[in-house]
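Worksheet: the structure to be examined is printed underneath.
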Amino acid sequence: MSIANSIRKYREELGEVQLVAVSKTKPSSDILEAYNAGQRHFGENKIQEMASKFEELPKDICWHMIGHIQTNKIKYMAPFVHLVHGVDRRKVLVELNKQAAKHNRVINCLLQIHIAKEETKFGLDQDELDSIISELSDFSNVKVVGLMGMATNTKDEEVVDGEFKVLKSLFDTYSAACGWTTLSMGMSGDYNLAIKNGSTHVRIGSAIFGARNYS
């Protein structure tokens, strides 16, 4: 299936749920094909790759930073990033706030929660989440709008479903008091379970663009 047809298929299937087309490692020509099919939200996991694509591509694209964040690279995305999905430590918030202030912007972001069984996944635990939430008033140039999480990479749907339920429960606990609207969970292999559990944003890459090129 072509990129354009894949975009149309997912947009129709997802309805109100926001599709973030994960374009990491893919050329700008692929992104442009998706853009011409109506897609505006794209996800990248490397800040400098995203910044170079921002320069090349239409300026009404909403760029989502979905990868683990190196704080020394935040300055490259601060002028334009639409939503930062993976705030997994306080240090990232501090630097985001500092760089956003330089551009007179408020950057929207999500706090990444560790829900997976795998230790390789990043994210905050409950105590770290509570600590960051208690300090949010100190960061006038960042706005936390919700939570993000990545489930265990397994074919066992019960495990994945349970992890998404944990994240949704946390989201519900805080969302009323914090005014949160965004719950980012679900990727190419598990987005249906994520949507069933209340995800508002799903991150789909290989199912749209084909296999990654990491060479």
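The values are calculated or read from the model by the stated rules, or taken from the named source; none is laboratory data. The model shown is predicted, which means the values in this text are computed figures rather than measured ones. Ideal geometry is used to build each Cβ from the backbone, glycine not excepted, and the neighbour counts take in all protein chains shown.
A few points about this structure:
- Test: N153 is modelled with pLDDT of 95 or more and not aliphatic (A, V, I, L, M): no
- Pick from segment 142-165, criterion among the acidic types (D, E) and part of a helix (DSSP H, G or I), ranking: surrounded by the fewest Cβ atoms within 10 Å (Cβ to Cβ): E158
- Taking residues in segment 9-31 that are small (G, A, S), and partners anywhere that are part of a helix (DSSP H, G or I) and surrounded by fewer than 16 Cβ atoms within 10 Å (Cβ to Cβ), the pairs with Cβ atoms closer than 9 Å and at least 6 places apart or on different chains are S28/S52; S28/E56.
- Verdict on L129 being assigned to a helix (DSSP H, G or I), of a type in the set (A, V, I, L, M) and under 30 Å from K102 (Cβ atoms): yes
- For segment 77-86, taking the residues that are within 17 Å of the chain's Cα centre (by Cα) and in a loop (DSSP other than H, G, I, E, B), the one that is farthest from Y10 (Cα to Cα) is identified as A78.
- Residue in segment 146-159 that is farther than 17 Å from G189 by Cβ and among the acidic types (D, E) present: no
- Checked against (1) assigned to a helix (DSSP H, G or I); (2) among the β-branched types (V, I, T); (3) in contact with a Gly (Cβ under 9 Å, 6 or more places away or on another chain); (4) touching a residue at least 40 places away in the same chain (Cβ under 8 Å), V94 passes all but condition (3).
- Scanning segment 179-206 for residues that are in contact with a helix residue (DSSP H, G or I) (Cβ under 7 Å, 6 or more places away or on another chain) and assigned to a helix (DSSP H, G or I) yields L193, A194.
- When G146, G210, G123 are checked against the criterion of being at pLDDT below 95 and within 21 Å of V84 (Cα to Cα), G123 stands alone in meeting it.
For every residue, the table says whether it meets (1) of a type outside the set (G, A, S); (2) at pLDDT 95 or above; (3) surrounded by 16 or more Cβ atoms within 10 Å (Cβ to Cβ); (4) more than 17 Å from the chain's Cα centre (by Cα).
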{"site": "Q18", "(1), (2), (3), (4)": "yes, yes, yes, no"}
{"site": "K24", "(1), (2), (3), (4)": "yes, no, yes, no"}
{"site": "S29", "(1), (2), (3), (4)": "no, yes, no, yes"}
{"site": "E33", "(1), (2), (3), (4)": "yes, yes, yes, yes"}
{"site": "G38", "(1), (2), (3), (4)": "no, yes, no, yes"}
{"site": "H41", "(1), (2), (3), (4)": "yes, yes, yes, no"}
{"site": "E55", "(1), (2), (3), (4)": "yes, yes, no, yes"}
{"site": "P58", "(1), (2), (3), (4)": "yes, yes, no, yes"}
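- Tally of residues being more than 17 Å from the chain's Cα centre (by Cα) and surrounded by 13 or more Cβ atoms within 10 Å (Cβ to Cβ) across segment 171-191: 3
- Among the conditions (1) touching a residue at least 60 places away in the same chain (Cβ under 8 Å); (2) in a helix (DSSP H, G or I), I74 misses just one, which is (1).
- Within segment 29-62, being touching a Leu at 6+ places or on another chain (Cβ under 8 Å) and not in a loop (DSSP other than H, G, I, E, B) holds for I31, L32, Y35, H41, C62.
- Selection from segment 117-139 of residues that are over 19 Å from the mean Cα position of the chain (by Cα), closer than 18 Å to S169 by Cα and among the acidic types (D, E): D127, E128, D130
- Residues satisfying the stated conditions in segment 162-212, i.e. more than 23 Å from E13 (Cα to Cα) and in contact with a Phe, Trp or Tyr (Cβ under 6 Å, 6 or more places away or on another chain): none
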